[in-house]
Amino acid sequence: MNADLLRWRSKIEEARRRIYEIVQETPVAPIQDDPRTQSARAFLKMEHLQKTGSFKLRGATNKIFGLSSDQAKRGVIASSTGNHGLAVAAAAAHRGVRAEVYVCSQVSQKKLRLIEDYGARVHLVGSTPLEAELAARAAAVEAGKTYISPYNDPDVVAGQGTVAIEIAEQTPDANAIYIAVGGGGLIGGMGAYTKTVSPQTEIVGCWPENAPAMYECLRAGKIIEVAEEPTLSESTAGGVEPGSVTFDLCRAVIDRSVLVTESEILDCMRWAYRRGWKVEGAAAVAIAAFFKDAPQLAGKTAVIVSCGGNNSPEVLSRLQEARQQTKTQPLGLG
């Protein structure tokens, strides 16, 4: 068995022993009433029910709870498109650590207010997530504070990987797990654990066509700059930081990739909302990818990770417009 993945598994199991002071185990819900599932058994892993509305609380908590007393006293700096910053702010507040969060202009005012409500100081830098990341790292070095990357940090990745431990216990017969990919922390951590306990389970990376940064990096065999278009999947948008630990990890654990369109993302958000599942665009990316694959999953079990439920007002507005336009028409969804 791959020794590197075994080391990752050990870190993930250690994270599990640390994070549940704040983090909650989220349920899986069966998807039973959509004909597109055909004869596949499908379950939604409901990380949008996590305390801060996304899986990001796992990695942030693992990192912050693992700081030495001196590191905690100095404070932490993070960069974020919203969910990670919110998670860092929440975990830092719980431990009594001062936190600063760097964000770019793409982050909604709603998310900024939520981060500030936890007591974190927000810095607005640049127009892309990568610009905010690089600025935050530089500020942390200058101030002697711990930088907490949204994905490029082994402790953060290990925390995110705890989702896979829960899935292994809740759906031990899973044949495939569908995971939206941004910087690769979630799929990297989940894939590392899954490949050591259930190597036959397929790890499926899911991307919006408009924002496929890690996908294109994997295709190129190296980290490259990737031009992106606006996407409903705000949480997965942005480039991959040079030298990220997640790149090699993603290469090792992702078995297959699926890209989905903006209309497919929007349709799956509407589908989820009709069922009372208020998911964000990134979660809908994984759902849409599953529905694309469903015909080839006959007789198999799939788990789709609903990674979060924190939509910006702009995305909610688009969702509402789509619902209004189809009020008198069949939705065409299960």
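The values are calculated or read from the model by the stated rules, or taken from the named source; none is laboratory data. Here the structure is a predicted model, which means the values were calculated and not measured. Every residue, glycine among them, receives a Cβ derived from its backbone with ideal geometry; neighbour counts consider all protein chains shown.
Just give me the residues in segment 71-100 being in contact with a strand residue (DSSP E or B) (Cβ under 8 Å, 6 or more places away or on another chain) and part of a loop (DSSP other than H, G, I, E, B), in sequence order. Explain how you work it out, then say what you get.
Filtering segment 71-100 for residues in contact with a strand residue (DSSP E or B) (Cβ under 8 Å, 6 or more places away or on another chain) gives 71, 74-89, 92-93, 97-100.
Hits for segment 71-100 are G75, T81, G82, V97, R98.
Which residues, counting only those in segment 101-145, are surrounded by fewer than 20 Cβ atoms within 10 Å (Cβ to Cβ), part of a strand (DSSP E or B) and touching a His at 6+ places or on another chain (Cβ under 8 Å)?
Hits for segment 101-145: nothing passes.
Residue by residue, here is whether (1) surrounded by fewer than 19 Cβ atoms within 10 Å (Cβ to Cβ); (2) under 19 Å from the mean Cα position of the chain (by Cα) holds:
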| position | (1), (2) |
| --- | --- |
| L259 | yes, yes |
| I265 | no, yes |
| C268 | no, yes |
| R275 | yes, no |
| V285 | no, yes |
| F290 | no, yes |
| Q296 | yes, no |
| A302 | no, yes |
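Can you pull out the residues in segment 253-281 that are touching an Asp or Glu at 6+ places or on another chain (Cβ under 7 Å), among the aliphatic types (A, V, I, L, M) and farther than 25 Å from P30 by Cβ?
If the condition is that a residue be touching an Asp or Glu at 6+ places or on another chain (Cβ under 7 Å), among the aliphatic types (A, V, I, L, M) and farther than 25 Å from P30 by Cβ, then L259 is the only one that fits.
Can you list residue pairs whose Cβ atoms sit under 6 Å apart, with the first residue in segment 39-67 being more than 17 Å from A164 (Cβ to Cβ) and modelled with pLDDT of 95 or more and the second being basic (K, R) and in a helix (DSSP H, G or I)? Count only pairs 6 or more apart in sequence or on different chains.
I64/R95; F65/R18
Report whether or not A164 is part of a helix (DSSP H, G or I), crowded, with 24+ Cβ neighbours inside 10 Å, under 15 Å from the mean Cα position of the chain (by Cα) and of a type in the set (G, A, S). It would help to see each step written out before you state the result.
On the way: part of a helix (DSSP H, G or I): yes; crowded, with 24+ Cβ neighbours inside 10 Å: yes; under 15 Å from the mean Cα position of the chain (by Cα): yes; of a type in the set (G, A, S): yes.
Taking the combined requirement at face value, the residue satisfies it.
Looking at V197, is it crowded, with 24+ Cβ neighbours inside 10 Å, modelled with pLDDT of 95 or more, assigned by TED's automatic domain parsing to the domain that holds V28 and of a type in the set (V, I, T)? Full working, then the answer.
Working: crowded, with 24+ Cβ neighbours inside 10 Å: no; modelled with pLDDT of 95 or more: yes; assigned by TED's automatic domain parsing to the domain that holds V28: yes; of a type in the set (V, I, T): yes.
Judged against the criteria, V197 is not a match.
Going by what's in this entry, would R36 be described as within 20 Å of the chain's Cα centre (by Cα), surrounded by 12 or more Cβ atoms within 10 Å (Cβ to Cβ) and part of a helix (DSSP H, G or I)?
Details: within 20 Å of the chain's Cα centre (by Cα): no; surrounded by 12 or more Cβ atoms within 10 Å (Cβ to Cβ): yes; part of a helix (DSSP H, G or I): yes.
When the stated conditions are applied, R36 does not pass them.
Output the qualifying pairs, or none if there are none: Cβ atoms under 6 angstrom, residues six or more apart or on different chains, first residue in segment 100-112 and closer than 11 Å to G126 by Cα, second residue at pLDDT below 90 and part of a strand (DSSP E or B).
From residues that are closer than 11 Å to G126 by Cα, the pairs are V103/S80.
All but one of (1) charged (D, E, K, R); (2) in a helix (DSSP H, G or I); (3) modelled with pLDDT of 95 or more; (4) surrounded by 15 or more Cβ atoms within 10 Å (Cβ to Cβ) hold for R17, so report the exception by its number.
(4)
Here are the criteria: (1) assigned to a loop (DSSP other than H, G, I, E, B); (2) over 22 Å from K45 (Cβ atoms); (3) not polar (S, T, N, Q). Tell me which single one P199 does not satisfy.
Among (1) assigned to a loop (DSSP other than H, G, I, E, B); (2) over 22 Å from K45 (Cβ atoms); (3) not polar (S, T, N, Q), P199 violates only (2).
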